[in-house]
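No value in this document is a laboratory result; all are computed from the given coordinates. Computed from a predicted model, the values in this text were never measured in an experiment. Ideal geometry is used to build each Cβ from the backbone, glycine not excepted, and the neighbour counts take in all protein chains shown.
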Amino acid sequence: MRIIVTSDLHYNIARSKRPTRALAEKICRIGGDVLVFAGDTTGGPASRFEEAFGLFEGFKGPRLAIAGNHDIWVTGGDDSLHRYENELRDICSQNDVHYLDAEPFYADDAAIVGNMGWYDFSFRPARLQIPLRYYQAKVAPGAAERLGGYQHLEPADDVPRNALEVTTRWMDGERVNLALSDVAFTHKLAETFRRHLAEASERSERICAIVHHVPFAELVPHSILPNWEFATAFHGSELFGEIILDFPKVRRVFCGHIHKEMRCRRGLFEATSIGSTYKEKAYEIFDL
């Protein structure tokens, strides 16, 4: 089974439209047995997903998708969990796309198991010495000081002076509306991921695991720039990697999210971050 995986099309963003259209033409021309969208396909109303998925209608095989964090951004007090569990499933169904977050995909003796994943701050950078509460609020100390409204993060006795030079924030804090903590959400999704992998292991001989967020620390890109390094806390969770390693039938692992191509080996399989950026779209082809 020849599988094509792409990620982070961000088709709702102007500078991503032309490269996504070019990618779609190329993938449909190359062809394959299965096409997987590994999260952050687009955002906003269902019509945007319809347009993005529609670019790939020329692909002859099944099309599969997982959610990304941008896919569950909401406005006006809407519920991101409802969007993740219900709206995106319905959008995929209406566009003849298999929603992997809801159930694995099976073909012959192979399976593809997918999950958005999330972050529990297990990848937060120790060298910045920023207290956990800032990551939980998704705002760096310098940004909290500049923006105001973050008095609950003080007192600042435990915040190093150089941490005030970190002035970024993670926009999930503004756009994702969950009634549970990030750690609780991570564990909720991880339980589903484990259940789907167990089910697939019973039914199949070979598994490809696809997670939007990063499952292994080796795939986290680090930077000497503090603002970029702050963001690594939101790249993923080591919990998903631990779960994958519990299932020896997994042959390949893919993720997206970080907009940088990264690779590592774990046991008998290779794990790959696809590497699409806003202006350049990437894909991987492999046989399962």
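Which length gain, in nm to one decimal place, applies between A102 and I30 when the Cα-Cα distance is subtracted from 0.36 nm times their residue separation?
Gain on extension, A102 to I30, equals 23.1 nm.
With viscosity set to 1.002 mPa s at 20 °C, what whole-number translational diffusion coefficient in µm²/s follows for region 189-282 from Stokes-Einstein and a Kirkwood radius over Cα pairs? Could you put the intermediate results ahead of the total?
Values: Rh = 13.9 Å.
For these conditions, the coefficient is 154 µm²/s.
Can you tally the net charge around F121? Count Lys and Arg as +1, Asp and Glu as -1, for every other residue whose Cβ sits under 11 Å from the Cβ of F121. Please report the intermediate quantities before stating the final value.
Values: positive: R124, R133, K138; negative: D120, D182, E238.
Neighbour charge sum, excluding F121 itself: 0.
Across 5 Å bins from 0, what is the distribution of all Cα-Cα pair distances for region 33-85, in whole percents?
Result, from short to long distances: 5, 18, 28, 24, 13, 8, 3, 1 percent.
Within 10 Å, at most 16 other Cβ atoms, and a DSSP state outside H, G, I, E, B define an exposed site. Report the longest part of the chain free of exposed GluC sites (Glu not before Pro). Walk me through the numbers before you get to the answer.
Details: sites that count: E57, E205, E261, E280.
Segment 58-204 is the longest.
Obtain the radius of gyration and the Kirkwood radius of the chain from its C-alpha atoms and give Rg over Rh. Don't skip to the answer; put the middle values down first.
On the way: Rg = 18.8 Å, Rh = 19.3 Å.
Computed over Cα atoms, the ratio is 0.97.
Along the Cα→Cβ direction, 7 angstrom out, place labels at A198 and S93. What is the inter-label distance in nm?
Here the modelled spin labels are 2.5 nm apart.
Label A22 and F121 with points 7 Å out from Cα along Cα→Cβ: what is the distance between them in nm?
4.1
Strictly over 25 Å apart at the Cα level, which of K188/K279; K17/K249; K17/K188; K26/K279; K60/K260 would you flag in this model? Mind dumping the intermediate values first?
On the way: K188/K279 33 Å; K17/K249 37 Å; K17/K188 33 Å; K26/K279 16 Å; K60/K260 28 Å.
Result: K188/K279; K17/K249; K17/K188; K60/K260 exceed 25 Å.
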